[in-house]
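**Student:** Here it is: the structure, laid out below.
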2 protein chains.
Amino acid sequence: MSKKRLIVDMDGVLADVYQQFFKMDEEEFGVRKSLGEVNGKIEREAFKNERAYVFRKGFFREAPVMEDSIESVKLLNDKYDLFIVSAAMEFPHSLPEKLEWLKEYFPFLTWQQFVFCGSKTVIQGDIMIDDHYKNLDHFPGRTILFTQPHNYGHDDKQHERVFSWKEVLEKLI
Amino acid sequence: MSKKRLIVDMDGVLADVYQQFFKMDEEEFGVRKSLGEVNGKIEREAFKNERAYVFRKGFFREAPVMEDSIESVKLLNDKYDLFIVSAAMEFPHSLPEKLEWLKEYFPFLTWQQFVFCGSKTVIQGDIMIDDHYKNLDHFPGRTILFTQPHNYGHDDKQHERVFSWKEVLEKLI
């Protein structure tokens, strides 16, 4: 039997971009926001200068890796036909940064498994893990919503919500 | 009725990479190869230092645009849900070059329509135009083989072979 295809998002799933938002926002305004202040808000609302941060050199390259994601992806990579799919095209400078980042933290994956796109509607697979409704809503297969502050508290009946990579593994291994 | 999705390759279909091979090979060895010398051979066999050329800065950025491709893609973009999909991940430096190139020659397309991947098996669509069997052979939809020296003379019964963008338009408009 052929392996099922698993589509894994980068930002907010493998790369902890919120740590970058919190850090840059604090550097700019002098106070570190609490999770309570940003929960349920889209990034742009939660962090006043979010657009400037994501276009800043190093934003993606220096993002910390999400807790337990490396070990989890390693296990999932054995069981599934795994692809990392990132909607990177909006941020042209992010393309080489994201590729370097993947090679640093996920050296056991190959470049054949990476996809940088604008819209994920063109991607086919059996399971998708993502933190954005816009990517999961149109996906015909099984959809796992990775909790991030921007999607917190919103209706998610259509998708299986997880709060950690440990929960992803419980579902998929 | 929703539009059919058309997947268009870059190198050898929109970007005339053979012009780069001929030029760089001539600069290096002093003689310009004829089409007859390279027809039916994979790039690596046809041009001794092909690997060095494709990893050279500017190789993709400075590739000429394929004859009639701009006007053709403009027409097809109205009729189809069009995506440009390039297996760019093998050449990391090519990512920003390819994006700049697309923005220069195809400014009427948006970044939402661009995909850079390693393997095209993850892409879904109804029609694919490509110059490589490895991309067309696994595609479940209609497949159009764009003639390039490396695929010339090979068996192509499975795919519809075209020799120009004019022929593509005859088939798809």
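**Student:** Among the aspartates and glutamates, select those whose C-alpha is under 12 Å from the C-alpha of B:Lys171, and discard any that sit fewer than 8 residues away in the same chain.
**Tutor:** B:Glu160
**Student:** To continue, here is another question. Run the label-point distances for B:His138 please: 7 Å along Cα to Cβ, every other copy, nanometres, shortest first.
**Tutor:** 2.2
**Student:** Which number comes out as Rg/Rh for segment B:1-71 once both Rg and the Kirkwood Rh are worked out on C-alpha atoms? Please list the in-between numbers first.
**Tutor:** Working: Rg = 14.6 Å, Rh = 13.6 Å.
Taking Rg over the Kirkwood Rh, I get 1.08.
**Student:** While we're here: For segment B:71-153, what's the radius of gyration and Dmax over Cα atoms, in angstrom?
**Tutor:** So, for segment B:71-153, Rg and Dmax equal 13.2, 36 Å respectively.
**Student:** Sticking with this one: How large is ³J(HN,Hα) for each residue in segment B:114-121, as worked out from phi by the Karplus curve 6.51 cos²θ - 1.76 cosθ + 1.60 (θ = phi - 60°), to whole Hz, x for Gly and Pro?
**Tutor:** 3J(HN,Hα) across segment B:114-121, in whole Hz: 9, 9, 10, 9, x, 10, 8, 5.
**Student:** Still on this structure, please answer the following. Compute the label-point distances linking A:Lys103 to its equivalents in the other copies; points lie 7 Å from Cα along Cα→Cβ; give nm, one decimal, shortest first.
**Tutor:** Spacings between copies for this position, smallest first, are 2.3 nm.
**Student:** What relative contact order, as a whole-number percentage, does chain A give when Cα pairs under 8 Å and 6 or more residues apart are counted? Could you put the intermediate results ahead of the total?
**Tutor:** On the way: 258 pairs, mean separation 52.1, N = 173.
Taking the mean separation of contacting Cα pairs over the length of chain A, I get 30 percent.
**Student:** Can you show me the helix-derived [θ] at 222 nm for chain A, built from DSSP H runs with n ≥ 4 at -39,500 (n - 2.57) apiece and divided by the number of residues, rounded to the nearest 500.
**Tutor:** Values: 8 runs with 61 residues, N = 173.
Counting only the DSSP helices, I get -9000 deg cm²/dmol.
**Student:** Here's another thing I want to ask about it. Assuming R0 = 51 Å, can you tell me the calculated FRET efficiency for the pair A:Leu169 and B:Glu100, based on Cβ-Cβ distance, to the nearest 0.05?
**Tutor:** Between A:Leu169 and B:Glu100 the formula returns 0.80.
**Student:** Given points 7 Å out from each Cα along the Cα-Cβ axis, report the B:Phe55 to A:Glu26 separation in nanometres with one decimal.
**Tutor:** 4.1 nm
**Student:** From the cross-link list B:Lys79/B:Lys134; A:Lys57/B:Lys103; B:Lys41/B:Lys79; B:Lys74/B:Lys166; A:Lys23/A:Lys48; A:Lys79/B:Lys120, which pairs have alpha carbons spaced over 24 Å apart?
**Tutor:** Values: B:Lys79/B:Lys134 27 Å; A:Lys57/B:Lys103 21 Å; B:Lys41/B:Lys79 35 Å; B:Lys74/B:Lys166 13 Å; A:Lys23/A:Lys48 13 Å; A:Lys79/B:Lys120 20 Å.
Cα-Cα > 24 Å for B:Lys79/B:Lys134; B:Lys41/B:Lys79; rest within.
**Student:** Hey, another quick one. Between beta-carbons, use under 15 Å as the cut-off and find the net charge around A:His154, counting Lys and Arg +1, Asp and Glu -1. Don't skip to the end; give the middle numbers.
**Tutor:** Numbers: positive: A:Lys41, A:Lys134, A:Lys157, A:Arg161; negative: A:Glu43, A:Glu45, A:Asp130, A:Asp131, A:Asp137, A:Asp155, A:Asp156, A:Glu160.
Here the charged neighbours net out to -4.
**Student:** Further question: Rounded to the nearest 5, what % of DSSP beta bridges with both residues in the protein assembly as shown are antiparallel? The partial results should precede the final answer.
**Tutor:** Working: 6 of 42 bridges.
Looking only at bridges with both residues in the protein assembly as shown, the antiparallel portion is about 15 percent.
**Student:** Label position 7 Å from Cα toward Cβ: report the copy-to-copy distances for A:Gly36 in nm, one decimal, ordered from shortest.
**Tutor:** Taking the point 7 Å beyond Cα along Cα→Cβ, the inter-copy spacings are 8.2 nm.
**Student:** Taking the Cα atoms of chain A, report the difference between the largest and smallest coordinate on each principal axis, in whole Å and largest first.
**Tutor:** Computed over chain A, the largest-to-smallest principal extents equal 55, 35, 28 Å.
**Student:** Expressed in nm², what is the orientationally averaged projection area of the convex hull enclosing the Cα positions of the protein assembly as shown?
**Tutor:** Numbers: hull surface 78.0 nm².
Quarter of the Cα hull surface area: 19.5 nm².
**Student:** For A:Lys33, give me every one of the aspartates and glutamates with a C-alpha distance below 18 angstrom, ignoring sequence neighbours fewer than eight places off in its own chain.
**Tutor:** Within reach: A:Asp16, A:Asp25, A:Glu43, A:Glu45, A:Glu50.
Values in this text are rule-based calculations from the coordinates and carry no lab data. Worth saying up front: this structure is predicted, and the values here are computed from it rather than measured. Using ideal geometry, Cβ is built from the backbone for each residue, glycine included, and neighbour counts are taken over all protein chains shown.
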